[in-house]
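Student: Structure provided below as structure tokens; questions to follow.
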Amino acid sequence: MPKAPPKPTDAELEILHVLWQHGPATVRLVNEQLSQSREVGYTTTLKIMQLMLEKGLVQRDDEGRSHIYRAAVREQDTQGLLLDKFVEATFGGSALKLVMQALGHRKTSADELAQIRRLLNDIEIQNANQPTPNPHDDAPGA
């Protein structure tokens, strides 16, 4: 079984966001995007991306004069990994505590509440359609 990529650092996550949004890119393009929100040196971006390559977070196309980097991890998978670690560390693994905290500390629009209700309904339907395991299936002689 292949080893899962490590949790990205904050700086690595910023770079992944650029690659997810813009697709494969050179270090220069990534650096230009990062520098729109704060000053980041080109060599800093290059070094972080080289480390990300070693970790398996990005892939690099060495063909041609400039190297092209692409995300080697999917955005949704990375979000799930980070969220799972956050919920476990912060809320003891309780999704209920997470949702209560999120909804209790900010104004939630009617549209957001409607979307949350639809999501909950979809989850209920999905759970209802999954077969329930029969405890007798694992019994000896069954």
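Nothing in this text is a laboratory measurement; each read-out follows from the coordinates by a stated rule. These figures come from a predicted structure and were not determined experimentally. All Cβ positions, even for glycine, are placed from backbone atoms using ideal geometry, and neighbour counts span all protein chains on display.
Student: Scan segment 39-46 and give yes if some residue there is among the charged types (D, E, K, R) and outside any loop (DSSP other than H, G, I, E, B), otherwise no.
Tutor: First, the residues of segment 39-46 that are among the charged types (D, E, K, R): 39.
Now restrict to residues that are outside any loop (DSSP other than H, G, I, E, B): none.
Among the residues of segment 39-46, not one is among the charged types (D, E, K, R) and outside any loop (DSSP other than H, G, I, E, B), which makes the answer no.
Student: Within segment 96-136, which residues are under 21 Å from residue 86 (Cα atoms) and β-branched (Val, Ile, Thr)?
Tutor: 99, 116
Student: Hey, another quick one. Return the residue satisfying two criteria in turn: it lies in segment 36-66 and is among the small types (Gly, Ala, Ser) and over 15 Å from residue 10 (Cα atoms), and of such residues it is nearest to the chain's Cα centre (by Cα).
Tutor: Here the residue is 56.
Student: Still on this model: Could you tell me whether any residue of segment 54-63 is in contact with a helix residue (DSSP H, G or I) (Cβ under 8 Å, 6 or more places away or on another chain) and within 30 Å of residue 97 (Cα to Cα)?
Tutor: No, segment 54-63 contains no residue that is in contact with a helix residue (DSSP H, G or I) (Cβ under 8 Å, 6 or more places away or on another chain) and within 30 Å of residue 97 (Cα to Cα).
Student: From 70, 65, which residue is of a type in the set (D, E, K, R) and within 23 Å of residue 6 (Cα to Cα)?
Tutor: The unique qualifying residue is 70.
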